[in-house]
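The values are calculated or read from the model by the stated rules, or taken from the named source; none is laboratory data. Keep in mind it's a predicted model, so treat the numbers as computed, not measured. Cβ coordinates were reconstructed from backbone atoms using ideal geometry, including for glycine residues, and neighbour counts include every protein chain displayed. Note: accessible area is taken over every heavy atom of the protein model, side chains too, but ligands, DNA and RNA are not part of it. Shrake-Rupley method; radii C 1.70, N 1.55, O 1.52, S 1.80 Å.
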Amino acid sequence: MQQAFDCAPYRTGLPVPFQPRLRQRRFDRPAALLVSFAGAFLGCLATLHLNALGLSPALASAAVTVVLCAGLVIASPDNLEATAFSSSVYGGSFSGMTPIGQLSESVARTGLPPEASLYLLSIFCGLLFCIFTSIEMRRRVVLLQGYGGRLGVLAAIGSLLFVTLGPWLAGHGESLRLAHLNQFDQALGGSLAILAACLAGTFLTIVMQRLPQVAEAGRAARTFISATIAFAGMVIMQALWSDERCLVDAYYAGCFLGMSSPQRLSGLLQPIVAALTLTVVLVQASTVLPLVGG
């Protein structure tokens, strides 16, 4: 018998009025997997192409989400397929933030043509999100429910696996090279600026997400709004501080944090402590993690 998915367990878990008004109907598993794959594939591929054209990875990610989700929000924001597609687009765009040079080099070591790297990562990302969606549907639970940036974690894992696992399987693997992003090697003043950027992204997103009319909207609409806030803020910051990419990235990371539900981040102190922790993670991760999307 064909398995189907009831939308009720797949809601965000937010208290009223934060529950999205999704249609009370069943979501077939094949349709869910197809929509999840398509969203992640297109989000990743479009972000990679914009990145190749010279747009910064963070701006490309937010721009792709805004453009691909705009039509869904206008047409059917409460539709379950629109909800799944928008989330997958945003998550896929995070994988698309993987640097083109590193991606092409990784694919070249497997013996495949480097020009296929954009499509291979997008396919891999789509399959990963399919697996993630299937697990959630089978268990009838949203993994890491209410935590902002949960899709970014999945994107980072997928990007890391893709750039490291392929060469190893082809027998051309080598020691994992660390990114050591010098942009995050900051003195006290620079670290405080990164913290301020994180706080700005976090609180702007929290304020907008928790407006009654936004909180009552479907997840597709909330994803679109979050991406719009991120894109607008990053454009302004890049115009003001064009040589401080770390501030743009910190703001974008803060926007992910601000997507957390009131059950995870409440009051004034918790978001501040979370942003402070995020700042420490950003500074330290730049010398520990390889440069991958997400």
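Observations on the model:
- Nonpolar atom fraction for the range 68-127, defined as the carbon and sulfur part of the 1.4 Å probe accessible area, stands at 73 percent.
- For the pair Q284 and L269 in one chain, pulling the backbone fully straight at 0.36 nm per residue adds 3.1 nm over the alpha carbon distance.
- Gain upon complete extension [L165, D243; 0.36 nm per residue less C-alpha separation]: 24.7 nm
- Exposure rank, largest accessible area first [V142, V281, V67; 1.4 Å]: V67, V281, V142
- The listed residues S134, S159, S242 rank as S242, S134, S159 when sorted by accessible area, largest first, using a 1.4 Å probe.
- Residues V67 and E105, FRET efficiency given R0 of 25 Å [Cβ-Cβ distance, rounded to 0.05]: 0.30
- Close amide H contacts of D28 (hydrogens built in the peptide plane, cut-off under 5 Å, sequence separation of 5 or more or a different chain): F5.
- Candidate residues I236, I135, I194, I229: accessible-area rank, largest first, probe 1.4 Å: I236, I135, I229, I194
- Derived scalar couplings ³J(HN,Hα) [the range 95-107; Karplus, 6.51 cos²θ - 1.76 cosθ + 1.60; whole Hz; x for Gly, Pro]: 4, x, 7, 4, x, 4, x, 5, 5, 5, 5, 5, 5
- Extension gain, E115 to I131: 0.36 nm times the residue separation minus the Cα-Cα distance gives 3.2 nm.
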